[in-house]
Each structure stands twice: as structure tokens, then as C-alpha cells.
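Derivation of every value follows stated rules applied to the coordinates shown; laboratory data play no part. None of these values were measured; they are calculated from a predicted model. A quick note on method: Cβ atoms are made from the backbone with ideal geometry, for glycine too, and the neighbour counts reach across all protein chains shown.
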Amino acid sequence: MITMAADGDSKLLLVQKHIREFVDFPKEGIIFRDICPILKDPASLTAVTDLFEEHVKRNHQQVDLIVGLDARGFLFGPLLAQRLGIGFVLVRKKGKLPGATVSVSYDLEYGKAEAEIQEDAIAPGQKVLLIDDLLATGGTLYAACELMRKQQAEVLGCMVVIELKELNGLDRLKPISVFSLVQY
């Protein structure tokens, strides 16, 4: 019989095995962590979803919505929301959503960007969890949290597949908790 911890460890190892590194991409000195092999392998994708689901059930008994960030949060978020029996909401780059939207601008490494959500996507007081593939400097997740504040939602936490610890994204998001499957 496999224990829950052992089962979780084997799922995590499977996920780690399917993260591919590309050195000097997109520019020299960067190690790009590619999640495409996770998506290509059904067992690995299931493991990611299982690990997120286990985290949510252990730590967040009352969640109304999963909020996915453009674009890779769209890959994991709907699967998790479906498992949990709750809705999924998109945070997109400016100009990609129809209808009335709420937006927030944020800084990127080399400029500015804007993220937006449909005005009626979240009701005041709803409890949300944000999901994305990667936490680096925390700019995109921080902007999404600001959008949630504008919508008067309660952010329970953030979840990512990969956290790049050296870029200190956690600091930018405090006091919001961040759950990451893999850290580099």
C-alpha cells in the first residue's frame, strides 16, 4: 500500500522529470524552464492537477473560483476548477476580453503591461485562488491580485508549477501565500 506522502512524492518526481531546461533562452544567461513536456504527458499533467487539488483541499476548504493568468494559467486552472466543482475565470492581457472590463497596469522587466478581467467575472466577497505556471519576479501575479482587490474578491492564495526563488517573487506578493510545486 502506498501512503499519501509517498504517492505525493512520486507525483512530484514525475512533474520534475518533465520540466525541461533551455540554457540561454530567451537571452544569454537565462535558464528557461519549459513545461511543455508536462502537457504532452497525460500522467504528468494529471500529477500536477492532483497535487494542486490536494493542496486546495488541505488548505482552502471554501473556494468559489480559480483565477487563471494569461496564458499558461489557462492550461492548469480549468482542470483544477473542474476537479473542485467550481468556476474558472480568466485574467488576460489588455484588449483580449469582450464587454466591460476592469484593468490594472504593472511593470515588466523592460516596460509596462496591463491585465484585465471582465467586470462581472467575480462578485464582491468571492473567495479566489490564482494559478499560473511560473513565479519569477511576481509582477503578473501581483497585478492579478490587484485586480482581485478592485473586484473586492478575497484572495486565498496563489499557486504555481515553478517558483524561481532567486528572483524573490514571494516578497512582492506578501502577505498572500504562494504554493509552488517545484522550486529552483
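Highest average first, the peptides 124-134, 27-37, 46-56 ordered by how many other beta carbon atoms sit within 10 Å of their residues are 124-134, 46-56, 27-37. In straight-distance terms, cross-link reach from Lys93 covers every one of the lysines whose alpha-carbon lies under 21 Å from its own, apart from those fewer than eight places away in the same chain; here that gives Lys112, Lys150. Taking packing as the residue-averaged number of other Cβ atoms within 10 angstrom, the listed peptides 159-166, 94-101 run from highest to lowest as 159-166, 94-101. What's the long-distance tail for the chain, i.e. % of Cα pairs beyond 23 Å? Summing the P(r) tail past 23 Å for the chain gives 41 percent. The modelled label-to-label distance for the pair Ser105/Lys150, using points 7 Å beyond Cα in the direction of Cβ, is 1.2 nm. Alpha carbon centre of the range 105-184 versus the range 1-63: separation in Å? Centre-to-centre distance over Cα atoms comes out at 19 Å. Applying 1/(1 + (r/R0)^6) with r as the Cβ-Cβ distance of Lys40 and Arg83 and R0 = 35 angstrom yields a FRET efficiency of 0.95.
Only Cα pairs under 8 Å and 6+ residues apart enter the sum, and on that basis the relative contact order of the chain stands at 16 percent. Helical runs assigned H by DSSP (4 residues or longer) give the chain a calculated mean residue ellipticity at 222 nm of -11000 deg cm²/dmol, each run adding -39500 (n - 2.57) before division by the residue total. What number comes out for the charge environment of Leu156, summing +1 per Lys or Arg and -1 per Asp or Glu over other residues with Cβ under 14 Å away? Residues near Leu156 contribute +2 overall.
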